[in-house]
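Undergrad: My structure is below; once you've seen it, I'll send some questions.
The values are calculated or read from the model by the stated rules, or taken from the named source; none is laboratory data. Note that the coordinates shown come from a computational prediction; the quantities given were computed from them, not determined experimentally. Here the Cβ positions follow ideal geometry from the backbone for every residue, glycine too, while neighbour counts run over all protein chains shown. To get the accessible areas, we keep the full protein, side chains included, count just its heavy atoms, and leave off ligands, DNA and RNA. Shrake-Rupley method; radii C 1.70, N 1.55, O 1.52, S 1.80 Å.
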Amino acid sequence: MSDLFQDKEIKPMLIADNKEPFDDKDYIFELKLDGERCIAYLDPRTGTDLSNKRNMKILRFVPELAELHQHVKQRCILDGEIFILHDGKPDFSQIQRRSLMTNTFRIKLDSKEHPATFTAFDILYYGNEDVTKKPLSERKKLLAKVVKKESSSFAVSRYIEEQGIAFYEIAKAENLEGVVGKRKDSLYYFGKKTKDWVKIKYLKDDDFVVCG
């Protein structure tokens, strides 16, 4: 029988297109972090393995995250985001720049000067079991249960229930990317996009007329 942890071929569930802020008692809302999506395979006995949404191994680009397995109590697979802070806020260009580096020495130097953080917002494997068919509300409880400690390199995403509009306004006021709304009873579908997860993005774009 196939084992998610051994196979390490997970493609993360996707988030549906942008939507206007809304309130809904059936949803939770989390900050949309401006980083790189990451699936973390963590085993306290054997170590850490990280893959991006295209299933490419990325631990070599973020060597400062090699000890993430020490933050969990047992073998698990977590879905989350890797980001690097700039002026106190996640900056996608920083993690993108890191992923383009080829020199090992430069990567190690940058990892010390601009350390990355992994923030987990879902758990897919717990107790040697695939838990993707459990509702999100139950998976959130398992995520909280498996974490032993948080640190500057490992965090668990906080969320609020129902009040998506107010949460969006806070993200907007802080000039953050926005929020993500997720149905509490949503299951996890590998590599698929459903309306159970929707992004509410703070768009900073504008319309321009090009004259020649």
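Undergrad: For the range 125-149, give me the residue count where each residue is on the phi < 0 side of the Ramachandran plot and not in a helix (DSSP H, G or I).
TA: The first filter runs over the range 125-149 and keeps only residues on the phi < 0 side of the Ramachandran plot, leaving 125-126, 129-149.
Still in the list and also not in a helix (DSSP H, G or I): 125-126, 129-135, 147-149.
Residues in the range 125-149 being on the phi < 0 side of the Ramachandran plot and not in a helix (DSSP H, G or I): 12 in total.
Undergrad: While we're looking at this one, here's another question. From the list Ser93, Ser152, Ser111, exactly one residue is outside any strand (DSSP E or B), closer than 18 Å to Lys32 by Cβ, out of contact with any Phe, Trp or Tyr (no Cβ under 7 Å at 6 or more places or on another chain) and without any contact (Cβ under 8 Å) to a residue 60 or more places away in the chain. Which is it?
TA: Ser93
Undergrad: Could you check how many residues of the range 91-101 are in contact with a strand residue (DSSP E or B) (Cβ under 8 Å, 6 or more places away or on another chain) and within 17 Å of Glu64 (Cα to Cα)?
TA: Adding up the residues that qualify gives 5.
Undergrad: When the residues of the range 168-197 are filtered to those that are over 14 Å from the mean Cα position of the chain (by Cα) and β-branched (Val, Ile, Thr), which remaining residue is most open to solvent (accessible area, probe 1.4 Å)?
TA: Checked the range 168-197; the qualifying residue most open to solvent (accessible area, probe 1.4 Å) is Ile170.
Undergrad: Ser151 fails exactly one of the following numbered conditions: (1) of a type in the set (Ser, Thr, Tyr); (2) surrounded by 13 or more Cβ atoms within 10 Å (Cβ to Cβ); (3) modelled with pLDDT of 95 or more; (4) within 30 Å of Gln94 (Cβ to Cβ). What is the number of that condition?
TA: Answer for Ser151: the failing condition is (2).
Undergrad: While we're here: Just to be sure before I move on: is Ile95 touching a Gly at 6+ places or on another chain (Cβ under 6 Å) and either surrounded by 15 or more Cβ atoms within 10 Å (Cβ to Cβ) or among the aliphatic types (A, V, I, L, M) (or both) in the structure I sent? Before you say what the answer is, go through the steps one by one.
TA: Details: touching a Gly at 6+ places or on another chain (Cβ under 6 Å): yes; either surrounded by 15 or more Cβ atoms within 10 Å (Cβ to Cβ) or among the aliphatic types (A, V, I, L, M) (or both): yes.
Judged against the criteria, Ile95 is a match.
Undergrad: Quick check on Phe105: is it out of contact with any strand residue (DSSP E or B) (no Cβ under 7 Å at 6 or more places or on another chain) and either part of a strand (DSSP E or B) or open to solvent by 80 Å² or more (accessible area, probe 1.4 Å) (or both)?
TA: On the way: out of contact with any strand residue (DSSP E or B) (no Cβ under 7 Å at 6 or more places or on another chain): yes; either part of a strand (DSSP E or B) or open to solvent by 80 Å² or more (accessible area, probe 1.4 Å) (or both): yes.
For Phe105, the condition - out of contact with any strand residue (DSSP E or B) (no Cβ under 7 Å at 6 or more places or on another chain) and either part of a strand (DSSP E or B) or open to solvent by 80 Å² or more (accessible area, probe 1.4 Å) (or both) - is met.
For (1) under 30 Å from Glu138 (Cβ atoms); (2) assigned to a helix (DSSP H, G or I); (3) open to solvent by 40 Å² or more (accessible area, probe 1.4 Å), each residue gets a yes or a no:
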| residue | (1), (2), (3) |
| --- | --- |
| Phe29 | yes, no, no |
| Thr48 | yes, no, no |
| Asn55 | yes, no, yes |
| Arg60 | no, yes, yes |
| Gln70 | yes, yes, yes |
| Leu78 | yes, no, no |
| Leu85 | no, no, yes |
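Undergrad: Looking at the range 51-61, is at least one residue over 14 Å from the mean Cα position of the chain (by Cα), under 19 Å from Glu9 (Cα atoms) and among the small types (Gly, Ala, Ser)?
TA: no
Undergrad: OK, next. Say we look at the range 148-165 and pick out the residues that are in contact with a Leu (Cβ under 9 Å, 6 or more places away or on another chain) and not basic (Lys, Arg); which of these is nearest to Glu20 (Cα to Cα)? Outline the logic, then answer.
TA: Looking only at the range 148-165, we keep the residues that are in contact with a Leu (Cβ under 9 Å, 6 or more places away or on another chain), and these are 153-154, 156-159.
Within this subset, residues satisfying the condition of being not basic (Lys, Arg) are 153-154, 156-157, 159.
Details: Ser153: 32, Phe154: 30, Val156: 26, Ser157: 22, Tyr159: 18 Å.
Only one residue tops the list, namely Tyr159.
Undergrad: Right, something else. Under 6 Å between Cβ atoms, which residue pairs at least 6 apart in sequence (or on different chains) link something in the range 25-36 that is of a type in the set (Ser, Thr, Tyr) with a partner that is modelled with pLDDT of 95 or more and open to solvent by 20 Å² or more (accessible area, probe 1.4 Å)?
TA: These pairs meet every condition: Tyr27/Arg183.
Undergrad: Which residues, taken from the range 174-186, are of a type in the set (A, V, I, L, M, F, W, C) and either modelled with pLDDT under 95 or touching a Ser or Thr at 6+ places or on another chain (Cβ under 7 Å) (or both)?
TA: Filtering the range 174-186 for residues of a type in the set (A, V, I, L, M, F, W, C) gives 176, 179-180.
Across the range 174-186, the qualifying residue is only Leu176.
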